[in-house]
Amino acid sequence: MNSDRRTFVAGNWKMNGLLDEAKAFMDAFGRNPAEDVVEVGLMPPFTLLHPMSERLAAMGISLGAQNVYYEDKGAFTGSICPMMLRDSGCHYVILGHSERRSIIGENNAQIRSKMTASWLHGLEPILCIGETLEQREQGITNTILTEQLAILKGAPKDVPLTVAYEPVWAIGTGVTASTDQIIETHAFVHSELQRLGHDARVLYGGSVKPENAEEILACDGVEGALVGGASLQADSFMAIVKAAAKVAS
Ligand code: PGA
């Protein structure tokens with residue numbers, strides 16, 4: 001469920017950004033120029049959440065984290081719990097990003113636990129799903145997406161949820177899926193979500209940049225973008241937000 005159906009442009013900074021860089025970014029970006037039609041969100045590293053939170057709120061920008069642990073507190077050295085994210089001003093948390101699945105080895109069961117803990121404490125997950133190139137070439141894209149979305153089975157329905165479809169082969173590679181692939185896969189993701197009883201907003205991610213943003217955001221079923229590399233510079237992120245505003249209005 002997502003009551004906010006504005007186009008959502010979310011910036012995932014991954015493991016990038018120091019305090020000075022964050023300040024320079026906020027100085028250069030200014031306010032969200034299209035707040036009525038586009039929601040803008042930023043997901044900086046944990047260390048920047050609290051320092052950026054007040055100013056981003058004043059700029060009309062939502063804040064999110066890139067990961068969370070599912071326990072509430074205790075002896076879990078190095079982990080961050082949902083309440084800590086809320087305390088730092090977060091509304092969103094990215095879950096199941098392909099870099100965490102492939103590099104850290106996160107599995108669907110762990111992602112499900114994190115999702116449940118996030119809802120319990122009022123965070124909105126941005127659940128990332130997507131197939132590898134090998135899986136697409138084998139023709140099993142829909143099977144993989146179905147498996148990844150199956151963690152929603154039995155979950156409460158009246159919870160906030162955003163889904164990001166990110167073909168793994170398009171992340172950080174400069175290669176984007178074709179508009180036909182995007183439209184076809186988003187239609188499938190929407191139908192799966194409907195079958196599971198979740199009316200989530202669905203974003204596209206993977207090498208979204210100023211040059212291709214308008215074309216991608218105009219695709220049927222695409223309700224926003226999860227932007228990695230191009231969200232690190234204020235001018236390129238702003239160009240994507242403006243493209244979203246143009247498509248939305
Ligand atoms: P990218 O990353 O835009 O750099 O491809 C997208 C993501 O990983 O969310």
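The values are calculated or read from the model by the stated rules, or taken from the named source; none is laboratory data. For clarity, every value in this text was computed on a predicted model and none was experimentally measured. Note that we place each Cβ from the backbone using ideal geometry, even for glycine, and neighbour counts take in every protein chain shown.
Here are the numbers for this structure:
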read-out: Neighbours by Cβ (under 7 Å, 6+ apart or cross-chain): first from region 152-181, over 23 Å from SER113 (Cα atoms); second among the β-branched types (Val, Ile, Thr) and assigned to a loop (DSSP other than H, G, I, E, B); value: TRP169/THR132; TRP169/VAL175; ALA170/THR176
read-out: Residue pairs meeting the criteria (Cβ under 7 Å; at least 6 apart or on separate chains; first within 23 Å of TRP169 (Cβ to Cβ), in region 99-125; second part of a helix (DSSP H, G or I) and among the polar types (S, T, N, Q)); value: ASN108/GLN148
read-out: Which listed residue is within 25 Å of LEU120 (Cβ to Cβ) and not aliphatic (A, V, I, L, M), from ASP199, ASP180, ASP220; value: ASP199
read-out: Filter pass, ILE183 being over 14 Å from LEU149 (Cα atoms), modelled with pLDDT of 95 or more and within 14 Å of the ligand (Cβ to nearest atom); value: no
read-out: Residue within region 83-97 that is under 30 Å from ALA177 (Cα atoms), within 16 Å of the ligand (Cβ to nearest atom), surrounded by 13 or more Cβ atoms within 10 Å (Cβ to Cβ) and without any contact (Cβ under 8 Å) to a residue 12 or more places away in the chain present; value: no
read-out: SER118 buried (at least 21 other Cβ atoms within 10 Å of the Cβ) and small (Gly, Ala, Ser); value: yes
read-out: Some residue of region 198-213 being on the phi > 0 side of the Ramachandran plot, touching a strand residue (DSSP E or B) at 6+ places or on another chain (Cβ under 9 Å) and of a type outside the set (Ser, Thr, Tyr); value: yes
read-out: Residues being assigned to a loop (DSSP other than H, G, I, E, B), within 16 Å of the ligand (Cβ to nearest atom) and not aliphatic (A, V, I, L, M) - total across region 145-174; value: 5
read-out: Pair list, Cβ < 6 Å and 6+ apart or interchain, from region 186-198 residues that are farther than 18 Å from ILE140 by Cα to residues that are surrounded by fewer than 18 Cβ atoms within 10 Å (Cβ to Cβ); value: GLY197/LYS157
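The rows are residues; the columns are (1) hydroxyl-bearing (Ser, Thr, Tyr); (2) in a helix (DSSP H, G or I); (3) away from the ligand (no atom under 12 Å from the Cβ).
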{"residue": "THR176", "(1), (2), (3)": "yes, no, no"}
{"residue": "VAL189", "(1), (2), (3)": "no, yes, yes"}
{"residue": "HIS198", "(1), (2), (3)": "no, no, yes"}
{"residue": "VAL208", "(1), (2), (3)": "no, no, no"}
{"residue": "ASN212", "(1), (2), (3)": "no, yes, no"}
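Listed here are the residues, each with its yes/no results for (1) at pLDDT 95 or above; (2) surrounded by fewer than 18 Cβ atoms within 10 Å (Cβ to Cβ); (3) of a type in the set (A, V, I, L, M).
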residue: MET15; (1), (2), (3): yes, yes, yes
residue: GLY30; (1), (2), (3): yes, yes, no
residue: GLU39; (1), (2), (3): yes, no, no
residue: ASP72; (1), (2), (3): yes, yes, no
residue: SER79; (1), (2), (3): yes, yes, no
